[in-house]
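Have a look at the structure below before the remarks.
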Amino acid sequence: MCGIGISITPGSSEHKMIASSINSLQLHRGPDNNSIQNFEGFSFCHQRLSIIDLNERSNQPYKYKNIVLVFNGEIYNFRSLRKELINKGFNFKTFSDTEVLAIGIHHFGRDFLKKVDGMFAIIWFDSQTNKIFFISDPFGIKKIYFYKKDN
């Protein structure tokens, strides 16, 4: 089971140290890859347990155009969503449910998630709008926990 995290510290580079700590605490959640991606004021981190598309091209944080995302869970209908996106003219580089999410979210926004069947926790950043989104599956099977210190 993957582990995901994000550290947000506007105006500080402390997010890099916090993301490293988050990743260290969740090493047991994904032995296949350990990644941190730093941006201005925040860092994404991901521990991967490879189940779908074992190739490293599917590692996270995953970038597609202006979308960066980390995701934990499983999208049960990703194959049919992928086929639907291919029929609309989209190309894929992987066979992962992660890329299906990234492409779908990029082109259709949050409305794409109405089509998604599965258990998941998703954190994504849209660099065009400069917004970060936190999404959990409708039943809350995959939880997202927050910790806020000071501001």
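Which of the residues belonging to the stretch 94-151 are of a type in the set (D, E, K, R) and over 16 Å from G41 (Cβ atoms)?
Result: D97, E99, R110, D111, K114, K115, D117, D137, K142, K143.
Please list, ordered by residue number, the strands (runs of 3 or more DSSP E) wholly in the stretch 36-104 having 1 or more residues that are modelled with pLDDT under 70.
Ranges flagged: 42-48.
For the stretch 89-108, give me each residue that is touching a residue at least 24 places away in the same chain (Cβ under 8 Å) and open to solvent by less than 40 Å² (accessible area, probe 1.4 Å).
Passing the criteria: T94, S96, D97, T98, E99, V100, L101, A102, I103, I105.
State all residues of the stretch 109-118 that are under 20 Å from K63 (Cβ atoms) and open to solvent by less than 80 Å² (accessible area, probe 1.4 Å); if no residue qualifies, say none.
Hits for the stretch 109-118 are G109, F112, L113, V116.
For the subset of the stretch 119-151 comprising residues that are touching a residue at least 24 places away in the same chain (Cβ under 8 Å), under 19 Å from F39 (Cβ atoms) and part of a loop (DSSP other than H, G, I, E, B), which member is least open to solvent (accessible area, probe 1.4 Å)?
Out of the qualifying residues, it is S127.
The values are calculated or read from the model by the stated rules, or taken from the named source; none is laboratory data. What you see is a predicted model, and the numbers here were worked out from it, not measured in a lab. Here the Cβ is made from the backbone with ideal geometry for all residues, glycine too, and neighbour counts use every protein chain on show. Surface areas here come from the heavy atoms of the whole protein model, side chains and all, with no ligands, DNA or RNA. Shrake-Rupley method; radii C 1.70, N 1.55, O 1.52, S 1.80 Å.
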